[in-house]
Amino acid sequence: MQLLNNLHPLSPARRRITPSQIICSIFCGILLCSSAVALELTIHLNEKKNLPLDGTIVELAGPGPVTASQKAHVINQIDKDFDPLISVVPKGSTILLLNDDSFKHHIYSLSKGNQFDIPLFSKPSQQEVMLNNHGIVKLGCNIHDWMIAYIYVNEGDLVKEVSGSPVMFTGLAAGEYEVRVWNPRFRNTKRIVRHSLTMVNGQPNEITVDLRLRKSVHKKTKPATSAYPEEKGGNY
């Protein structure tokens, strides 16, 4: 007891917590808890003619960096068509192009930032391309001009391919985001519909995105028969 009485008045052992300090501590705790609340975002997709939403890509770009995929994403060429029609890959990922046809293809992309040209190659050879920029990559074949495929290169880790509405993203932090929506049935297939929003604690977070789609993906009709060289025993 004598030791306590001899302590300096300002020493930690003699300090008292005032009511204002208690209130301040409680308030700071509430702020910390609220900032850590996981938020939800609801995105309503409104197609003007009520056409199906199949193949719609919805990306939510936020403050976090994109994580490039560690595995190659495969796009095959089968029976003079690409498979699959739509691929979704993170920026910086590698695409592995295969050819399961018995003849050659000449694959190219003219998409800005992700251009490439792969001259005639045939089974069993494989070709790899890296996609380093966000956006839409359209693949074509210089020989079979009805062949097309699309690659959506996403910039964040929050991305979904959906066939209906609404679209939900959960476990989000408050902050600035951009909603990006794309579909291969847009009249301009290079266009990505974008909407910016601020996610706020304690408020409903939802947005409506209006879309205008074609009834089907626009491309040339694949001929039932043709005079292409491979059908005459050629190398193509």
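The values are calculated or read from the model by the stated rules, or taken from the named source; none is laboratory data. Keep in mind it's a predicted model, so treat the numbers as computed, not measured. FYI the Cβ positions are ideal-geometry reconstructions off the backbone, even for glycines, and counts take in every protein chain you see.
With surrounded by fewer than 15 Cβ atoms within 10 Å (Cβ to Cβ) and on the phi < 0 side of the Ramachandran plot as the only criterion, which of Gly156, Gly171, Gly164 stands out?
Gly164
Those residues that are assigned to a loop (DSSP other than H, G, I, E, B), within 16 Å of the chain's Cα centre (by Cα), at pLDDT 95 or above and not acidic (Asp, Glu), I need them from segment 48-75; list them, please.
The answer is Gly55, and nothing else.
Restricting to segment 84-118, name every residue that is surrounded by fewer than 20 Cβ atoms within 10 Å (Cβ to Cβ) and aromatic (Phe, Trp, Tyr).
Passing the criteria: Tyr108, Phe116.
How many residues are of a type in the set (Val, Ile, Thr) and closer than 25 Å to Leu85 by Cα if we restrict to segment 161-175?
Residues in segment 161-175 being of a type in the set (Val, Ile, Thr) and closer than 25 Å to Leu85 by Cα: 2 in total.
Does Leu139 fit the bill of being in the same structural domain as Ile75 (by TED's automatic domain parsing), over 26 Å from Asn183 (Cα atoms) and either not aromatic (Phe, Trp, Tyr) or not in a strand (DSSP E or B) (or both)?
Criteria not met by Leu139.
Residues of segment 176-189 being loosely packed, with under 13 Cβ neighbours inside 10 Å and touching a residue at least 60 places away in the same chain (Cβ under 8 Å), which ones?
Result: Glu176, single match.
Condition first: in contact with a helix residue (DSSP H, G or I) (Cβ under 8 Å, 6 or more places away or on another chain) and more than 27 Å from Lys220 (Cβ to Cβ). Can you find one or more residues in segment 131-154 that meet it?
Checking segment 131-154: not a single residue is in contact with a helix residue (DSSP H, G or I) (Cβ under 8 Å, 6 or more places away or on another chain) and more than 27 Å from Lys220 (Cβ to Cβ).
Across segment 100-116, what is the total count of residues that are in a loop (DSSP other than H, G, I, E, B) and within 13 Å of Ile148 (Cβ to Cβ)?
Of the residues in that region, 2 qualify.
Which members of segment 135-174 meet the condition of being hydroxyl-bearing (Ser, Thr, Tyr) and closer than 18 Å to Ile192 by Cβ?
Scanning segment 135-174 gives Tyr150, Tyr152, Ser165.
From the list Gln127, Gln77, pick out the single residue that is in contact with a Leu (Cβ under 6 Å, 6 or more places away or on another chain) and either outside the structural domain of Trp182 (by TED's automatic domain parsing) or within 27 Å of Ser216 (Cβ to Cβ) (or both).
Selected residue: Gln127, the only one of Gln127, Gln77 that is in contact with a Leu (Cβ under 6 Å, 6 or more places away or on another chain) and either outside the structural domain of Trp182 (by TED's automatic domain parsing) or within 27 Å of Ser216 (Cβ to Cβ) (or both).
Under 7 Å between Cβ atoms, which residue pairs at least 6 apart in sequence (or on different chains) link something in segment 192-207 that is in contact (Cβ under 8 Å) with a residue 24 or more places away in the chain with a partner that is aliphatic (A, V, I, L, M) and assigned to a loop (DSSP other than H, G, I, E, B)?
Met199/Ala174; Val200/Ala174; Asn201/Val37; Asn201/Ala174
Given the options Val167, Val159, Val200, Val153, name the one that is touching a Leu at 6+ places or on another chain (Cβ under 6 Å), closer than 22 Å to Gly62 by Cα and aliphatic (A, V, I, L, M).
It is Val153.
Output the number of the condition that Lys160 fails; it satisfies all remaining conditions of (1) modelled with pLDDT of 95 or more; (2) assigned by TED's automatic domain parsing to the domain that holds Gln77.
Unmet condition: (2).
Going by the structure shown, is Ile151 in contact with a strand residue (DSSP E or B) (Cβ under 7 Å, 6 or more places away or on another chain) and surrounded by fewer than 18 Cβ atoms within 10 Å (Cβ to Cβ)?
So Ile151 does not fit the description; no.
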